1. Which net charge results for the neighbourhood of residue 297, defined as the other residues with beta-carbon distances under 11 angstrom from its beta-carbon, given Lys and Arg at +1 and Asp and Glu at -1?
2. Distance in nm between label sites at residue 106 and residue 19, each 7 Å beyond Cα in the beta-carbon direction?
3. What FRET efficiency comes out for residue 12 versus residue 197 if R0 is 45 angstrom and r is the Cβ-Cβ distance? Round to the nearest 0.05.
4. With the dipole of the stretch 240-306 worked out from charges on the C-beta (+1 for Lys and Arg, -1 for Asp and Glu) around the Cα centre, which of 291, 243, 302 lies farthest toward the positive end?
5. Mind giving me the nanometre distance, one decimal, between the label points for residue 274 and residue 327, set 7 Å out from Cα along Cα→Cβ?
6. With the cut-off at 1.5 for a/c, could you classify the stretch 109-148 from its C-alpha gyration tensor as rounded, prolate or oblate?
7. Can you compute 3J(HN,Hα) from phi for each residue in the stretch 134-140, using the Karplus curve 6.51 cos²θ - 1.76 cosθ + 1.60 with θ = phi - 60°, rounded to whole Hz and x for Gly and Pro?
8. From the P(r) of the stretch 1-71, can you give the percent of Cα pairs sitting at distances over 21 Å?
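Readers should treat all values here as calculations from the given coordinates under stated rules, not as data from a laboratory. Predicted model, so just to flag it, every value in this text is computed and none were measured. Counting neighbours? That spans all protein chains shown, and the Cβs are built from the backbone with ideal geometry, glycine included.
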Amino acid sequence: MRHLPQELVIVILEHGYYTPLEVPDCAFLATCSRVCTSWCASAQSLLFRVTTKLRTPTAVAAFTSAIIAPSVCGISLGSAVRSLHINFVDCPPSWDKAAHPCCSASDIVRLLQACPRLYELALDVHSMRKFDPVVLAQFKESGQGIRSLKLVTLGMAWSILSQLLGIWPHIQFLKFDLFFEVQPPDSISDTGQEGTSVALYELSFLGRMVCTTHYPDALPWLLVSSSHSLRILRLAELPKAGTAERTMFELHAPRLRSLHLREYDMDSAVFIHQCTVLEELIVNGIPATPAPASLLPPSIEHLSATWVSWDETASHFLPEVIEVLPKLRVLTLDSLGHEQFHTLKARCVEKGIQVVPYGGYRSVLVSVRRHTSELSFISFLAGSLSRGSKMLP
């Protein structure tokens, strides 16, 4: 191991990068960095690749100091950082920063400058509507390599989003988390633009978006340049049929390759049926009376369900799914200990379908970490996709 090239060392270490819970194994990497001198650089690069949430100025200062200063191996770790998660609060003058320290916009700027190869940025934004133009200019200069943006907010986020997409037009992966309300953004109405120039590959609404009442053109503005690029869609709540939001998503349905919805009921099945090249379907639940399996696109290769009503669903729906999906290769389910599971698995084995527990399979389509060199489900089944290959590019 001591005489192996660093390229091989890092590949070997990547195999132990994730814990069974699919989070980076920092303890493993830290130990590897201390065991052997020749492992040190590779282990430290992996250790700093994805950060935990930076919540306070103290944490930001300590992290920035660590990545700017040469490490014990003689390398700067700033270029190793590919993903950052920052908790940002626009503190009012009356805020007691001593009792409740919070990260500022200047902290974000310092981090972006210290991480020139940053690919993924997650921002928890609270108590603000807009970024200052001076700060925004600094963001623009330092974040041109960012391709994935995750915005977590409890409030009115549309103005913030329009600002960030305006300075980072190369964003391909956009994710929202928690609940937010879309308000008519001044930045859109003032510019008179018909829509953002961002061409999205993935769009995820992990919380509820309320926009019809206040700004019905919000989704058209966001997706106007993504008509030929959007391939992955994740929705916590599918808009009702006949609404402007539903119509917008239906325009993109024929090109979607991966779709994540709350459940497989009749309303969602009508939408799913329009996704004629869909390769992956993830639903949070299959109800006791699901829509007919015949409405599923025959192109599906991976079907995942977090929750299954085994007493009702497993007796007819899942066996039907196995028969009507000719390209199905992976079936991800929970409650694998249920008595009906063994009968289902036996039939899957006959059909050449791999059955894995929920959480044991990670989509290569959904993951931003594989966007630069996508692998098919067939290559995954052939064993060419290792755990370490899910790293950020």
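1. -1
2. A separation of 3.6 nm, rounded to one decimal place.
3. Working: r = 41 Å, r/R0 = 0.92.
My answer for the efficiency is 0.60.
4. Going by the Cα projections, it comes out as 243.
5. A separation of 2.0 nm, rounded to one decimal place.
6. oblate
7. Karplus-based 3J(HN,Hα) across the stretch 134-140 equals 5, 5, 4, 5, 5, 4, 4 Hz.
8. Summing the P(r) of the stretch 1-71 above 21 Å gives 31 percent of all pairs.
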